[in-house]
1. Residues in segment 105-118 that are over 19 Å from the mean Cα position of the chain (by Cα) and either surrounded by fewer than 14 Cβ atoms within 10 Å (Cβ to Cβ) or modelled with pLDDT of 85 or more (or both): how many?
2. Please verify whether V96 is part of a helix (DSSP H, G or I), at pLDDT 90 or above and surrounded by fewer than 16 Cβ atoms within 10 Å (Cβ to Cβ), treating the condition exactly as stated.
3. Please pick out the residue among L134, L121, L97 that is in contact (Cβ under 8 Å) with a residue 12 or more places away in the chain and within 17 Å of the chain's Cα centre (by Cα).
4. Of everything in segment 99-116, what is in a helix (DSSP H, G or I) and either farther than 14 Å from S83 by Cα or aromatic (F, W, Y) (or both)? Give them in sequence order.
5. Check whether at least one residue in segment 76-91 is outside any helix (DSSP H, G or I) and more than 9 Å from the chain's Cα centre (by Cα), and report yes or no.
6. Return the residue satisfying two criteria in turn: it lies in segment 2-28 and is modelled with pLDDT of 75 or more, under 19 Å from E146 (Cβ atoms) and hydrophobic (A, V, I, L, M, F, W, C), and of such residues it is nearest to the chain's Cα centre (by Cα).
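The values are calculated or read from the model by the stated rules, or taken from the named source; none is laboratory data. Source: prediction; values computed, not measured. Cβ sites come from the backbone with ideal geometry, for glycine too, and all protein chains shown count toward neighbours.
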Amino acid sequence: MAFCSNCGAALAEGARFCAQCGKEPGSALPVDPGYTPGSVAGGLSRNVAGLLCYVAGLITGVVFLILEPYNHDPFIRFHAFQSIFFSVAVLVLGIVLGFIPVIWPLLYAVVCLAALVIWVLLIVQAAQNKKWKLPVIGDLAEKQAE
């Protein structure tokens, strides 16, 4: 049995397009019988691995890009890159705001609250097996994940 290399859905014998995502499957990936669509060979499901990319931001993003079974899945790679880029953006914004002494405490608190809300939304969307793209950062992550 073969599965789509884009979304992991089972492919009908000789299918030119995936019935699930509608894309050409590229090279259909033969897998072992214990494989279920939507999961990765490492034991974690795609959505759990995707949400774990955000747990410690930059660190877990890099970890999932290095770990062998997960670094081949486009969904997990997208969330890992988006986690890395989002963490770096929040860090840089915090440093830049540190140079504005007059309004820094209030503005810093607002930015931290916004970052926390976005971070939770990213985790929830990944847990629901969705690719929620942030403006600019999401496009960069999608390009890197391909």
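1. Within segment 105-118, residues that are over 19 Å from the mean Cα position of the chain (by Cα) and either surrounded by fewer than 14 Cβ atoms within 10 Å (Cβ to Cβ) or modelled with pLDDT of 85 or more (or both) number 9.
2. So V96 fails the test.
3. L134
4. Hits for segment 99-116 are W104, P105, L106, L107, Y108, A109, V110, V111, C112, L113, A114.
5. No.
6. Among them, the one singled out is C21.
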